[in-house]
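The values are calculated or read from the model by the stated rules, or taken from the named source; none is laboratory data. This one's a predicted model, so the numbers in the text were calculated from it and none came from an experiment. Heads up, the Cβs are rebuilt from the backbone with ideal geometry, glycines too, and the neighbour counts pull from every protein chain shown.
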Amino acid sequence: MRHAADKTRDNMKNIDRRDFLKTGGKLCAGGLIVYTAELLLPRLGRSAKGPAYDWEKHLYGFVVDTTLCIGCGRCVKACKGENGVPEGFYRTWVERYRITEHEEVLVDSPRGALDGFTDIESEAKVVKSFFVPKLCNQCSKPNCVQVCPVGATYQTKEGVVLVDDKHCVGCSYCVQACPYGARYIDHHGRGVADKCTWCYHRIRQGKTTACVQVCPVGARLFGRVDDPEGPVAKLLHSKRLQVLKPETGNEPMVLYIGLDREVR
């Protein structure tokens, strides 16, 4: 069932996403947004309990801890297997950042890190190296939804942005509009837009995403931000969470721990 993006959620007392960022985040050095639990969670409140899934009573968030990621690529393999992602395309991928003594930033992601990483010699000494997993940011204000001429890209009431492949015409507008490079057109298959869905078919069954499930070091975490007892909401109390490219105004729901200023 398809639904248009809705900025209000009845069960959350019509909280506007603009207010979400104004009250739940603060701007810090480098232009990164830091989210604070004491501001965010009281406004969200607690959803009604019950065994049946009610998509109007969930608001999800995804946390990536760059201080833990080891670049093993298991998340990429799990995603491909779970979602049938075709060869040469990735719904999630991992980038390796290497900072040289001359402050040069070297970035690589061989096959999306599907097979992990190998050592690469550099002319300059590398003084710092780390991995950054990336995926669709499931923005609160997604450019891709705005530019789709046929309404094939839409947003569910849980905040998940999906693509209706029966209506997608493969125009690539959404691919061009995404500031995170998270979309692609599968020209070798159906010729429609595709991207990470946060394993929507799984989370509706109460499961976590495939990439989170296989991560051996717990670098990925998925859950509700409107449940104070949930792992993601609890994490807001103890960590500084940041987002990629906050200047775009897309208000992403993928939050990062330990995001360095070199990451783009």
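Remarks
- Filter result for Gly88 (touching a Pro at 6+ places or on another chain (Cβ under 7 Å), surrounded by fewer than 21 Cβ atoms within 10 Å (Cβ to Cβ) and either farther than 20 Å from Tyr256 by Cα or among the hydrophobic types (A, V, I, L, M, F, W, C) (or both)): no
- Being basic (Lys, Arg) and at pLDDT below 95 is not true of Lys195.
- Strands (runs of 3 or more DSSP E) fully within the stretch 95-168 counting 2 or more residues that are touching a strand residue (DSSP E or B) at 6+ places or on another chain (Cβ under 9 Å), free of Cβ contacts under 8 Å to residues at least 40 places away in the same chain and not hydroxyl-bearing (Ser, Thr, Tyr): 105-108, 126-135, 161-163
- Residues that are in a helix (DSSP H, G or I) and at pLDDT 90 or above were ranked within the stretch 209-231; the one that is farthest from His58 (Cα to Cα) is Val214.
- Flag if Cys174 is at pLDDT 95 or above, closer than 16 Å to Gly151 by Cα, of a type outside the set (Gly, Ala, Ser) and surrounded by 21 or more Cβ atoms within 10 Å (Cβ to Cβ): yes
- Output for the stretch 107-127, where each listed residue is surrounded by 13 or more Cβ atoms within 10 Å (Cβ to Cβ) and at pLDDT 95 or above: Ser109, Pro110, Arg111, Gly112, Ala113, Leu114, Gly116, Phe117
- The stretch 222-243: number of residues that are buried (at least 22 other Cβ atoms within 10 Å of the Cβ) and of a type in the set (A, V, I, L, M): 4
- Of all residues making up the stretch 176-208, the number that are β-branched (Val, Ile, Thr) and touching a residue at least 24 places away in the same chain (Cβ under 8 Å): 3
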